[in-house]
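To start, the structure under review is shown below, and the notes come after it.
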Amino acid sequence: MTFPEPTVPAAGRAEVFLRYLDYFRETLLQRVASLPADALGRSSLPSGWTPLELLNHLRHVERRWLEWGFEGRDVPEPWGDRRDERWYIAPGETLGTLSEQLRRQGETTRAIITGSDLDTIGAPGPRWDGADPPPLERVLFHLLQEYARHAGHIDIVAELAGGTQGE
């Protein structure tokens, strides 16, 4: 997948967000898949997170911001990526299952974005912790920065483990 250059025409702002989210999601999945098997479930950083935990975290981030937050849906375990104040994966989760879950979440994200106007204000609910809900565009800006930041993190981990590196 190539970087979504700003000079490539897009149908609108929503398409720009979708291109970047798809790019970052697939880049992260490719970087994690390039790691040696023994590096997937261990941390090489003082913070202690593992590459598999990162994939699970990003799936939950998309759910929290778009389904639980913007749409106001009742989402079971919106913070299911955390246990005891750190990222978590359930026993038996693998690179394959986590990758599939993240890609399915991406399909849900695409449906939400294409089915909504970017100026639409999110539904009130517990995600906003009493604050006024933001418009979809603000939520998407937040998601993009989350993905871009974690793409940099996984590049460092991949470099340390001998996996595929980014720029």
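What follows draws every value from the coordinates through simple rules; no lab data is involved. No experiment lies behind these values; they were computed from the predicted model shown. FYI the Cβ positions are ideal-geometry reconstructions off the backbone, even for glycines, and counts take in every protein chain you see.
Amide H to amide H distances under 5 Å link residue 118 with no residue, where only residues 5 or more positions off or on other chains count and H is placed in the peptide plane.
Here segment 1-115 is treated with +1 on each Lys and Arg Cβ and -1 on each Asp and Glu Cβ, and its dipole about the Cα centre works out to around 120 debye.
Summary value for the chain: 31 percent relative contact order, contacts being C-alpha pairs under 8 angstrom separated by 6+ residues. Residues in segment 94-100 carry Karplus couplings, in order, of 10, 4, x, 5, 5, 5, 5 Hz; the curve used is 6.51 cos²θ - 1.76 cosθ + 1.60 with θ = phi - 60°, and Gly or Pro positions show x.
Each principal axis of the Cα atoms in segment 8-47 has its own extent, and those three values, largest first, are 42, 21, 13 angstrom. Evaluating 6.51 cos²θ - 1.76 cosθ + 1.60 at θ = phi - 60° for every residue in segment 119-135, the Karplus couplings come out as 8, 5, 7, x, 6, x, x, x, 4, 8, 6, x, 7, 5, x, x, x Hz, glycine and proline recorded as x. Of the three principal axes defined by the Cα atoms of segment 76-167, the extents in descending order read 43, 32, 23 Å. Our coupling estimate for segment 6-17, obtained by passing each phi through the Karplus curve with A = 6.51, B = -1.76, C = 1.60 and θ = phi - 60°, is x, 7, 7, x, 10, 5, x, 4, 4, 5, 4, 4 Hz, Gly and Pro reported as x. Taken over the chain, the convex hull of the Cα atoms encloses 119 Å³ per residue.
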